[in-house]
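Trainee: Right, I'll just put the structure down here and ask away after.
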Amino acid sequence: MTPTPDDIRDDRDDLDDGPESISPNVVDGDPSRPYRADADAESESDVAPRSRAPLTEAEVAAKIRTLEERLDSMIGKREAGEGSAPRPPPPRFASVRALPTEPESTVFDTARELLSTEFYLRKWGRLGMRNRSEEVDDFGRDPVYERRVEPFFDFLYDRYFRVECEGIGNIPAEGRCLLVANHSGTLPYDGMMIKTAVKREHPQQREVRWLAEDFIFHFPFLGSFTNRIGAVRACQENAERLLAQEQLTAVFPEGVKGIGKLFSKRYQLQRFGRGGFIKLALRSRTPIIPVAVVGAEETNPMLLRIDYLSHALGIPYIPVTPTFPLLGPLGLLPLPTKWRILFGDRVSWEQYGPEAADDEMLVGRLAEQVRGSIQTMLDRSVKQRASVWLG
Amino acid sequence: MGTSAPPQHPTPTRAADGASDGLTASRARGQVVAIVGAGSFLGSNLAGLLEEDPRIRRIIALDTEPPQARGDKTRVYPLDLTDPKADVRLSEVLTSERVDALVHLAFLSSPSFAAAWAHELESVGTMHAMVAARHAQVRKVVLWSQTILYGAHPTNPNFLTERHPLRANRREPFFADKVEAEAEVQRFADRSPGSVVTILRTAPILGPTVQNYLTRYLSRRVCPTMMGFDPLWQFVHEIDALAAFKLAIDRDVPGVFNIVADGVLPLSTVIKLAGRVAMPIPHPIAETAIAALWMAQLAYAPPTFLKYLRFLSVADGRKAWDTMGFRPAYTTREALLDFASAQRLRDVHLLHEPTA
């Protein structure tokens, strides 16, 4: 009979069941398979049946004898290759008696391992983790995954949109800050570009977390992708938590109205929600930096918006661009416009306390003020621009 | 089995000792804690924990079946909450044993096909328990609830606080009964002013010995996932969950608390760390398939659970940290790895445990 590790294990299982059994800890002489010890540590139910049958003195003596035999044969390895040991032990230890020699065991072990599904499952698991980190932050940002997709965003930033930054120095080196930006372009590339801009241009290479619309998270693939690279679902609780962690947080108060506006209304800021971001800034005493993104409006110029049917699909609207339904999914590729991202002066409302967040009039006025400053930056930059494509 | 017979002196109501009076009295002589659902995982382990504590005078174990191991301080009473007269019976026991704290753990940890029976046990059973607790003037009630009751929605904030409404699908009896049970306990809290009512909403419990719908999901070779979705998940280790119940018994912390471990993990990482293979299925197909399998009693969870494979339902443990002083010893990842190491032994049949 060919001795294999499995046989040994089977024997062990047999031993475990019998009340007169020898404790598996003792039988387990093979140092390469120490799982019995683990099992004991893990399971109480396993221990119970064994402790029930106390061994008599004669049994203990017999056990010691067999152990000594095994030790002899193992340490000396004198008769290791032979099928029969000089003193034949009890038949139930048949497999133990003929422990395989070193080279044989490795070949068999390797072959056995390669043939088992367990091996491939483990390999698969390891392969699956190679692009992902084992730990993510509170909001699911995966640094390893992010690093992997970084070249793609670098390409978009450098070559495709040829982004120019202005006023990056207005972003503080540390501490929480709220970036308030206009939202545009049918597909929300602007959040990713603001993130890339700050990461590359800012001397401290700060990370930007941006708040993304709900509908992104309804979507398969898109939701988990944006979540891994650092987007967070836009809601008051999440924003508060991000700011409490002293993060640099970008918000788009226009929301879906911003990305869903028609091409004819480009660079006209929509209503700024209900001023939630102002309340947030007042309550957490966070400074605000207005941000203007120029160039994103023309990436997917929306000529028409179809609102019916879209609810069934879970999206806010179906865009009609010069290319989209015509060319199929290819039509959703953004046009290579020239982008500029302008970071305005920092605004902080030190004079108001947190209770000012409940003053609706004040909140409305401040929201209007921020909106005005972004609109001014947009108008100035659009006027300066000679060409949509070349800047 | 050598369970002690219930003492035959059912006094109608306890001698009226006020709440504060009762508190000092119970502190002096040691608390008497009744565990409803003592045969459950949490119940039997909690009884073991309380057995070690000298401040606990007696443990009253109530369940349909007596617990396997019973300490010196434990008295066992058979109780079936689905029995219409369970409230009278429980009230008698609580009064005669002068119980200070009632821990209600008689809830299913995995969805059951017997929905009507589950409703009787969880929803109506909690009503019985609360009626009895009010009648016996129990000072403290601790209820086990779960964070899955918040429901998985794309509109959830990343961290749900205790103020968030319970939005789990009410058409699913597994959730509806537990939500009703919580409401029942809230009603008890409103009606008995002197009482301390603690509701502990645990994240899915994971660990080397616990068994529930989650360990069943992760013990399969291949775990179905929803194609294109990778929600963040959160667990709590079984030891931490038990510690939270112990804390709630030791201290007076009225209110609702999320009992969760630190950290979150995406579902894909959870499956990989558990050594499993994910099988992505488009969710409309999966929902139809699981609905059919569940009707045929072949699936181990109803289709409403698939939402948790798509959207997040993660709770914020800040309140328990601040108010209760609950410090989880295991992070979500450590709890998962602890489960996985035990599960690996179960996979190769080195560890034998009945499947839940």
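Bear in mind these aren't lab numbers, they're just calculated from the coordinates by the rules spelled out. The structure presented is a predicted model; accordingly, all values stated were derived computationally and were not measured. Heads up, the Cβs are rebuilt from the backbone with ideal geometry, glycines too, and the neighbour counts pull from every protein chain shown.
Trainee: Helix B:238-250 against the longest principal axis of chain B: what's the angle in degrees, Cα atoms only, rounded to the nearest 10?
Mentor: The angle comes out near 30 degrees.
Trainee: Is there a quick way to get the dipole size of chain B? I mean about its Cα centre, with the Cβ of Lys and Arg at +1 and of Asp and Glu at -1; what is the value in debye to the nearest 20? Let's see the in-between values first.
Mentor: On the way: 38 positive and 36 negative charges, 71 e Å.
About 340 debye.
Trainee: Of the options A:Ala292, A:Gly344, A:Ile315, report the single residue whose Cα projects farthest towards the positive end of the charge dipole of the range A:260-379 (beta-carbon charges: Lys, Arg +1; Asp, Glu -1).
Mentor: A:Ile315
Trainee: The range B:226-325: which trypsin sites (Lys or Arg not before Pro) are DSSP loop and have at most 16 other beta-carbon atoms within 10 angstrom?
Mentor: B:Arg251
Trainee: Measure off 7 Å from each Cα along the Cα-to-Cβ vector at A:Glu360 and A:Met74, then give the distance between these two points in nanometres to one decimal.
Mentor: Once both label points are built, they end up 8.1 nm from each other.
Trainee: Here is a further query. Between B:Ala329, B:Phe257, B:Thr215, whose Cα lies farthest towards the positive end of the dipole of the range B:206-356 when Lys and Arg beta carbons carry +1 and Asp and Glu beta carbons carry -1, centred on the Cα centre?
Mentor: B:Thr215
Trainee: While we're looking at this one, here's another question. On a 0 to 90° scale, report how tilted helix B:19-29 is relative to the longest principal axis of chain B, with both axes built from alpha carbons and the result rounded to the nearest 10.
Mentor: It is inclined by approximately 90 degrees.
Trainee: Taking neighbour Cβ counts within 10 Å as the exposure measure, how do A:Phe221, A:Phe215, B:Phe159 sort from fewest upward? Don't skip to the end; give the middle numbers.
Mentor: On the way: A:Phe221 11, A:Phe215 19, B:Phe159 23.
The fewest-first ordering by Cβ neighbours comes to A:Phe221, A:Phe215, B:Phe159.
Trainee: Separate question: Residue separation times 0.36 nm, minus the C-alpha to C-alpha distance between A:Arg274 and A:Phe221: what's the value? The partial results should precede the final answer.
Mentor: Working: separation 53, 0.36 × 53 = 19.08 nm, distance 2.99 nm.
That pair, A:Arg274 and A:Phe221, stretches by 16.1 nm at full extension.
Trainee: Suppose every K and R has +1 on its Cβ and every D and E has -1 on its Cβ; what is the size of the dipole of the range B:173-329 about the Cα centre, in Debye to the nearest 20?
Mentor: Magnitude of the dipole: close to 420 debye.
Trainee: By counting other Cβ atoms within 10 Å of each Cβ, how are A:Leu335, B:Leu90, B:Leu306 ranked from fewest to most?
Mentor: Ascending Cβ contact count within 10 Å gives the list A:Leu335, B:Leu306, B:Leu90.
Trainee: May I ask which residue of A:Ser133, A:Tyr157, A:Val180 lies farthest towards the positive end of the charge dipole of the range A:133-180, with charges of +1 (Lys, Arg) and -1 (Asp, Glu) on Cβ and the Cα centre as origin?
Mentor: A:Tyr157
Trainee: Further question: How big, in percent, is the set of alpha carbon pairs in the range A:125-231 lying more than 23 Å apart? Display every interim value, and only then the final one.
Mentor: Values: 1748 of 5671 pairs.
Counting pairs separated by more than 23 Å, the tail of P(r) holds 31 percent.
Trainee: Please arrange B:Asp100, B:Asp72, B:Asp80 by counting, for each residue, the other beta carbons lying within 10 Å of its beta carbon, fewest first.
Mentor: B:Asp72, B:Asp80, B:Asp100
Trainee: Starting from the alpha-carbon convex hull of the range B:22-179, give the projected area averaged over all orientations, in nm².
Mentor: Hull-based average projected area comes out at 10.5 nm².
Trainee: I've got another one for you. What is the calculated FRET efficiency for A:Leu67 to A:Glu134, with r their C-beta to C-beta distance and R₀ = 41 Å, to the nearest 0.05?
Mentor: 0.45
Trainee: Hey, quick one: spin label on A:Asp345, modelled 7 Å out along Cα-Cβ, who in the range A:358-391 has an amide N within reach, i.e. under 16 Å?
Mentor: A:369-378
Trainee: Does anyone have the angle between helix B:86-96 and the longest principal axis of chain B? Alpha-carbon axes, 0 to 90°, nearest 10?
Mentor: In chain B, helix B:86-96 runs at an angle near 50 degrees to the longest axis.
Trainee: Can you return the lysines within cross-link range of A:Lys265? Criterion is Cα-Cα under 20 Å, with same-chain partners fewer than 8 residues away left out.
Mentor: A:Lys257, A:Lys338, A:Lys383
Trainee: Assuming R0 = 45 Å, what is the FRET efficiency of A:Thr56 and A:Leu114, from their Cβ-Cβ distance, to the nearest 0.05? Walk me through the intermediate numbers first.
Mentor: Working: r = 45 Å, r/R0 = 1.01.
Taking R0 as 45 Å, the efficiency between A:Thr56 and A:Leu114 is 0.50.
Trainee: Return the FRET efficiency for the residue pair A:Ile168, B:Val277: r is the Cβ-Cβ distance, R0 is 45 Å, and the value is rounded to the nearest 0.05.
Mentor: 0.50
Trainee: Run the dipole for the range A:182-322 about the Cα centre, Lys and Arg Cβ at +1, Asp and Glu Cβ at -1, nothing else charged, and hand back the magnitude in debye, nearest 20. Mind dumping the intermediate values first?
Mentor: Working: 18 positive and 12 negative charges, 54 e Å.
Magnitude of the dipole: close to 260 debye.
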